[in-house]
Structures are given as C-alpha cells and as structure tokens.
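This report refers to the structure that appears directly beneath it.
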Amino acid sequence: MAAFRAEIAQVAKGCNQEVYMMKNMKGQAAMEYLMTYGWAILAIVLVIAALIFLNPFRAPEVCLFEQAGFTCNEPPPQLYVDSNGDLLMNVKVWNQIGQPITIKKVMCTSAPGSEVPDQGAISVSGMSVQTGASATFTGGTQNSIRCVNSNGEQIKSSSGQEFRGKLVIWYNYDNDLDPNVQHQIKANVISKVTQQG
C-alpha cells in the first residue's frame with residue numbers, strides 16, 4: 001500500500017507539473033499573440049500618422065504655361081489674401097523664348113477653360129524682360145496681381161483654400177511691327193492660399 005501511495009503521489013506530482021506547464025504554455029502563447037498583433041497595430045498607426053502628416057493626396061503647387069517659352073514655377077507662385085479678404089498673387093515669370101519681350105498686362109483669373117475676362121487685367125508700363133531673365137510681380141508694388149473671376153470681379157478667399165485658375169500675360173516682342181497687337185499666353189496655376197503678413 002505504501003508503494004501504491006508513493007506511485008499515486010508520483011503521478012499526482014507529474015500531473016501537477018503538466019498542469020503547471022500547460023498554464024505556462026497558454027500564458028506564453030497569449031503573450032506571443034498579443035506581441036505579434038501589437039507590432040502590426042503599431043505599424044498601421046505609424047503609417048496612418050505619416051500619411052496624415054505628409055498629406056500625399058493634396059494637389060501639388062503648379063504653375064505651368066500652355067506653350068513653351070515661359071516658366072513660372074521657380075519659385076512656385078504665392079497666392080494670398082490681404083486684410084480685406086481679396087485674393088492676390090506673387091509670381092516670378094521667366095522668359096525663355098529666345099528673344100526679349102515687353103510685358104503689357106497680367107491677370108490672375110479663375111475663369112473656366114480658355115475664357116479670359118475683359119476686365120481685371122493689371123496694366124504694366126512696358127516691363128522689358130530679356131532672354132533668360134525674369135519679371136517679378138509681388139504685393140506692395142504697382143505690379144500686384146489681383147485675382148478676378150470670369151466677370152472681372154475681385155475674388156474673395158480665405159487662408160487654407162486651394163486656388164485653381166490661370167495666370168494670363170499679354171506681351172510684345174521687341175521687334176513687333178505694331179505694339180498694340182499683343183501676344184497672349186496662359187499658365188495653369190494650382191496653389192494653396194495663405195494669409196498675408
């Protein structure tokens with residue numbers, strides 16, 4: 001009987017060890033499960049945070065002329081609102097035509113398609129631009145470009161909005177026979193509006 005009791009005690013001790021090991025194994029499996037999914041969830045959260053911060057879905061800032069010879073994306077144009085909420089544009093236009101030009105008028109407009117309003121263009125008093133040089137239009141000068149809608153009325157905007165429109169330039173070559181007959185070129189502009197000052 002003593003041998004039987006010793007055998008039962010040995011079996012019970014073995015069972016306790018197996019139960020203990022089974023509980024340990026379950027705990028280890030649960031920890032491995034949580035760690036694996038925890039890392040996966042952390043990676044997803046980091047990717048979402050990076051997408052929100054970098055915002056790759058917003059439109060890039062663009063200033064692109066419809067024909068070769070002019071550029072206006074170095075630096076990109078700045079669209080901003082003044083204290084009255086009027087939308088204005090700062091832009092640097094580069095002459096790469098191969099001959100000097102004289103800029104006569106400029107306009108920023110949100111008019112759709114190829115439509116250009118009759119009113120709202122800013123007259124520039126014969127701004128001469130040599131080949132490879134640039135003309136700068138900035139706020140606070142007589143060359144401030146006000147943005148107008150298809151009726152020629154001043155556009156009201158606010159900081160943070162996106163502007164999609166056109167920059168229109170009327171110019172003459174230095175060797176044009178009649179300076180009253182002007183060439184016209186348009187650039188598509190996409191930019192975020194900021195606040196002045």
> What percent antiparallel are the DSSP beta bridges of the range 61-182, to the nearest 5?
Replying inline: 95 percent
> Where does each of Val148, Val93 land when they are ranked from fewest to most other beta-carbon atoms within 10 angstrom?
Replying inline: Val148, Val93
> What percent does the relative contact order of the range 62-195 come to when contacts are Cα pairs within less than 8 Å and at least six residues apart?
Replying inline: 32 percent
>> How large are Rg and Dmax for the range 50-197 when calculated on the C-alpha trace, in angstrom?
In response: 15.5, 57
>> Cut-off is 10 Å between beta-carbons; in what order do Val168, Val189, Val62 appear when sorted fewest neighbours first?
In response: Val62, Val168, Val189
> By its C-alpha gyration tensor, with a ≥ b ≥ c as the square roots of the eigenvalues, how is the range 145-189 shaped: rounded for a/c under 1.5, else prolate for a/b larger than b/c, else oblate?
Replying inline: prolate
> In nanometres, what is the gap between the two model label sites at Asp178 and Leu64, each 7 Å from Cα along Cα-to-Cβ?
Replying inline: 3.5 nm
> For the modelled label position 7 Å from the Cα of Ser134 along Cα-to-Cβ, which residues of the range 149-167 have backbone nitrogen atoms closer than 18 Å?
Replying inline: 167
>> Need the list of aspartates and glutamates near Lys192 for cross-linking: C-alpha distance under 14 angstrom, and skip anything on the same chain fewer than eight residues off.
In response: Glu61, Glu162
>> What's the magnitude of the charge dipole for the range 62-195 around its Cα centre, counting Lys and Arg as +1 and Asp and Glu as -1 at the beta-carbon? Answer in Debye, nearest 20.
In response: 260 debye
> Taking neighbour Cβ counts within 10 Å as the exposure measure, how do Ile97, Ile169, Ile48 sort from fewest upward?
Replying inline: Ile48, Ile97, Ile169
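We did not get these values from a lab; they are worked out from the coordinates using the rules stated. If you're wondering where the values come from, they're calculated on a predicted model, not measured in any experiment. FYI the Cβ positions are ideal-geometry reconstructions off the backbone, even for glycines, and counts take in every protein chain you see.
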